[in-house]
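See below for the structure under consideration.
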Amino acid sequence: MMIFLNIILFFFVGLVEAFLLSTNSKMRQYSRKFLTFVSSFINILVWYWIIRSVMEGNLSNWVLVSYAVGYALGDVQAINFSDYLFKLAKKRGFKRKIKKLYRFFKR
């Protein structure tokens, strides 16, 4: 029973971690400093917990596989979420702000 709970827990931890990491990259891209700080802080806490669990030897192969599957799925879901937000913004007529630096490199 305990191994089953660990499998579920690590699956969701991997999913959330990958989602936060992917959205962190998007936030950096759009220069959202506070949101980047928050997501990076959460990511480090998750990594500490994972590394501590590995060092204590509480993980089996099934737990690691479930973590990897959750991580991959979280990455895909972050891309889907980003695409959804982009389509929603396009539908509502929001335009992205282009900074002078980006205009300079477009030439």
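Numbers below:
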{"item": "Residues located in region 1-28, provided they are more than 14 Å from the chain's Cα centre (by Cα) and in a helix (DSSP H, G or I)", "result": "Met2, Ile3, Phe4, Leu5, Asn6, Ile7, Ile8, Leu9, Phe10"}
{"item": "Test set (1) more than 14 Å from Phe19 (Cα to Cα); (2) modelled with pLDDT of 80 or more - Phe86 fails condition number", "result": "(2)"}
{"item": "Every residue from region 55-67 that is part of a helix (DSSP H, G or I) and surrounded by 13 or more Cβ atoms within 10 Å (Cβ to Cβ)", "result": "Trp62, Val63, Leu64, Val65, Ser66, Tyr67"}
{"item": "Matching residues in region 1-19 - criterion: being in contact (Cβ under 8 Å) with a residue 40 or more places away in the chain and either surrounded by fewer than 17 Cβ atoms within 10 Å (Cβ to Cβ) or hydrophobic (A, V, I, L, M, F, W, C) (or both)", "result": "Ile3, Ile7, Ile8, Phe10, Phe11, Phe12, Val13, Leu15, Val16, Ala18, Phe19"}
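The values are calculated or read from the model by the stated rules, or taken from the named source; none is laboratory data. Computed from a prediction, not measured in an experiment: that's the story for all the values here. Counting neighbours? That spans all protein chains shown, and the Cβs are built from the backbone with ideal geometry, glycine included.
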